[in-house]
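Colleague: Okay, handing you the structure first.
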Amino acid sequence: MVSGDGNAGALVTALRSEQGLSSLTPETGQVSGHATVQGPTSQLDWVRHAIGASGDILYKWDILSDRLAWAGEIEEVLGEGEHAIASGHGFNNRIHPEDLPRRLKALSDHFSQGDNYDCEYRVRNGQGIVIWVHDRGRVEIDANGLPVAMSGAMRVITQRKQNEARLERIANSVQEKIALLPPTAKLVPVAFAREPRPADVRAKDIARVFTAIETINGADEFDEQSGWGRYIQPLDRGSFNMSAFLQTLRQLNYAGPVGLQCYGLTGDARDHLSRSIAAWRKLNQHLAENR
């Protein structure tokens with residue numbers, strides 16, 4: 001079971017008392033066992049400023065009465081005042097139906113098993129817009145081992161979730177295109193960069209997405225002009241550090257095939273191939289010497 005220390009609850013109580021609002025629990029007079037919350041308002045200014053700067057809002061949920069109290073800039077976070085969401089049941093009604101079972105399970109596991117309560121889910125704000133929140137809290141247990149209250153903090157993470165979804169769509173799109181390629185098809189990972197980046201950083205980015213096939217070729221580190229001319233060269237040309245690229249792939253335990261990219265090269269094909277084979281042997285020798 002979880003033994004709530006009441007510190008978060010005391011903080012909510014202190015802030016609400018400082019704002020002239022009624023509290024759900026008696027004021028303890030202490031925050032984290034050191035600073036008292038009694039006395040002039042200035043003693044709590046740093047707490048209010050810290051909460052505002054963090055973008056978090058605090059809550060105190062009286063489980064027995066289902067009353068829900070808030071502290072912090074709730075209107076900025078949830079789009080309406082605290083009295084519009086004054087009960088645990090009312091807040092649950094705003095949670096996305098697909099996410100509510102996961103949140104209830106996280107609460108149940110926290111109450112019964114002591115697991116950390118740390119949950120991300122979607123909520124409909126005061127304007128009817130669905131937002132993502134990150135919710136963390138701790139239950140308070142009575143003498144009989146029953147949960148009686150819960151205190152926690154919540155912040156909006158909509159932007160992060162949108163970025164994650166966008167990256168996932170890009171990765172899925174690339175994987176779908178790879179699946180449609182014939183076995184002999186080649187990709188040009190080096191050419192996707194349009195700005196100077198270290199070889200090891202570029203290799204890590206590529207290895208996370210292209211897990212099935214890698215192709216290499218000589219290339220310049222950067223070309224301000226559009227096109228492929230300086231990004232696809234014989235393997236023995238170009239300023240790009242191919243040795244560092246292959247070293248990083250090895251450190252990432254990449255075990256897939258490595259092909260040679262020759263798209264658009266002009267000149268004698270046999271000459272290009274023989275030079276690239278010689279460069280490949282030198283690269284492998286260098287890798288073997290630096291194991």
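Colleague: Per residue of segment 57-69, what does 6.51 cos²θ - 1.76 cosθ + 1.60 with θ = phi - 60° give for ³J(HN,Hα)? Whole Hz please, x for Gly and Pro, Karplus curve as stated.
Modeller: Computed from phi, the couplings for segment 57-69 are 10, 9, 9, 10, 10, 7, 5, 5, 9, 6, 7, 10, 10 Hz.
Colleague: Find the centroid of the Cα atoms in segment 250-291 and in segment 88-134, then give the distance between the two in whole Å.
Modeller: Centre-to-centre distance over Cα atoms comes out at 52 Å.
Colleague: Going by average Cβ density within 10 Å per residue, which order do the peptides 95-104, 69-78 take, highest to lowest?
Modeller: 69-78, 95-104
Colleague: Something else about it: Take Phe91, Phe240 and order them by how many other Cβ atoms sit within 10 Å, fewest up front.
Modeller: So the ranking, lowest neighbour count to highest, is Phe91, Phe240.
Colleague: Treat the count of other C-beta atoms within 10 Å as a stand-in for reagent exposure and order Lys161, Lys60, Lys105 from fewest to most.
Modeller: Starting with the residue having the fewest Cβ neighbours, the order is Lys105, Lys161, Lys60.
Colleague: Quick one: if you stick a label point 7 Å off each Cα along the C-beta vector at Leu64 and Asn144, how many nm between them?
Modeller: 0.9
Colleague: Given H placed 1.01 Å from N in the peptide plane, which residues other than close sequence neighbours of Thr215 have an amide H under 5 Å from its amide H?
Modeller: Excluding prolines and chain starts, which carry no amide H, the hits are Leu187, Gly259.
Colleague: Along segment 156-162, what does the Karplus equation 6.51 cos²θ - 1.76 cosθ + 1.60 (θ = phi - 60°) give for ³J(HN,Hα), rounded to whole Hz, x for Gly and Pro?
Modeller: 7, 10, 4, 4, 5, 5, 5
Colleague: Now, a different point. List every residue whose amide H lies under 5 Å from the amide H of Leu235, counting only residues 5 or more places away in sequence or on a different chain, with H placed 1.01 Å from N in the peptide plane.
Modeller: Gly218, Ser276
Colleague: What residues qualify as long-range amide H neighbours of Glu140, i.e. H under 5 Å apart, gap of 5 or more or another chain, H built at 1.01 Å from N?
Modeller: Val148, Ala149, Met150, Ser151
Colleague: What are the ³J(HN,Hα) values, in whole Hz, obtained from phi via the Karplus relation 6.51 cos²θ - 1.76 cosθ + 1.60 with θ = phi - 60°, for each residue of segment 45-56 in sequence order, with x given for Gly and Pro?
Modeller: Listing the rounded values in order: 4, 5, 5, 4, 5, 5, 5, x, 5, 6, x, 8 Hz.
Colleague: Going by how many other beta carbons lie within 10 Å of each one, how would you line up Ile141, Ile170, fewest first?
Modeller: In increasing order of surrounding Cβ atoms, one gets Ile170, Ile141.
Every read-out reported here was derived from the displayed coordinates using simple, explicitly stated rules and does not represent laboratory data. As the structure is a prediction and not an experimental result, all values here were calculated from the model. Neighbour counts run over all protein chains shown; Cβ positions are idealised from the backbone, glycine included.
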